[in-house]
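Quick notes on the structure that follows.
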Amino acid sequence: HAPPVCSLIGEAASLVVFVPVDCVQTRIQSGLPEFQYNGFFDGIKSIIRSEGYGRLFTGSHVYMMHNLLLRPIIFTIYEKYKNMVIEHRRRKFREAGLAVPDVSELFGVGDSMKGTFLATTASTIVTNPLYTVLFRFQVTDYSQSQYMNERVWYIVKSSYRLRGFRGLNVGMLPRLLTTNTSAL
């Protein structure tokens, strides 16, 4: 049970820095005219000035849902896969009447890469709708009165209404490529 718990605690702590940085970065990368900041620190100052200090952390709950699902799913699936492969190979050696080799010989680099790929793919598929919502959430300027009530459920409903399930999974292939490359 340690990997999911440790992952959960580590992810929660990292969000204190990650959420404000990602808010500014996402807005800069969006290229939208309302977010033409003169660099990162200008973005921080502009957001605080126009939307308040709290806006830097407003997306925290979406990040928490996303990240606290992504990493624990990865670690849990990876550990289950690793244990399953090791136990299967141990059983094969025992059935053959041979001495069971050390774990390092039962689960190698190739096995680790395969487990990482499987775990990361599954986790990305599960969490991609949250990532889509997260991007849309971060590029919403909440200083505009018409957006004050636009929150996560509104984004989910409008995305689903416009494109169905596909609207919540826009960008799945690029996400799979980046998350798997990063994890490997």
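The values are calculated or read from the model by the stated rules, or taken from the named source; none is laboratory data. Because the structure is predicted, anything quoted here is derived from the model rather than measured. Cβ sites come from the backbone with ideal geometry, for glycine too, and all protein chains shown count toward neighbours. These area figures cover heavy atoms from the full protein model, side chains too; ligands, DNA and RNA do not enter into them. Shrake-Rupley method; radii C 1.70, N 1.55, O 1.52, S 1.80 Å.
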For the chain, what does the convex hull of the Cα positions come to per residue, in cubic angstrom?
141
The Cα extents of the stretch 10-111 along the principal axes, largest first and rounded to whole Å, are 72, 22, 18
Carbon and sulfur atoms account, in whole percent of the 1.4 Å probe accessible area of the chain, for 64
Which of the peptides 23-30, 162-169 is most tightly packed, and how do the rest follow, judged by the mean count of other Cβ atoms within 10 Å per residue?
23-30, 162-169
If you stretched the chain out fully between VAL21 and SER50, how much longer would it get, using 0.36 nm times the residue separation minus the C-alpha to C-alpha distance?
8.8 nm
Treat each spin label as a single point 7 Å out from the Cα along the C-beta direction, and report the GLN29 to MET172 distance in nm.
2.1
Can you tally the lysine pairs in the stretch 36-171 where the Cα-Cα distance is under 25 Å and the two residues are eight or more apart, or on different chains?
5
Can you tell me how much longer the chain between PHE41 and ILE86 gets when fully stretched, taken as 0.36 nm per residue apart minus their C-alpha distance, in nm with one decimal?
11.3 nm
At 1.4 Å probe size, with every protein chain present, just tell me what the per residue accessible area of the chain comes to in Å².
60
Scan the chain and note any complete DSSP helix (H) whose C-alpha atoms cover at least 18 Å along its axis and whose Kyte-Doolittle average is 0.0 or more.
2-30, 109-138
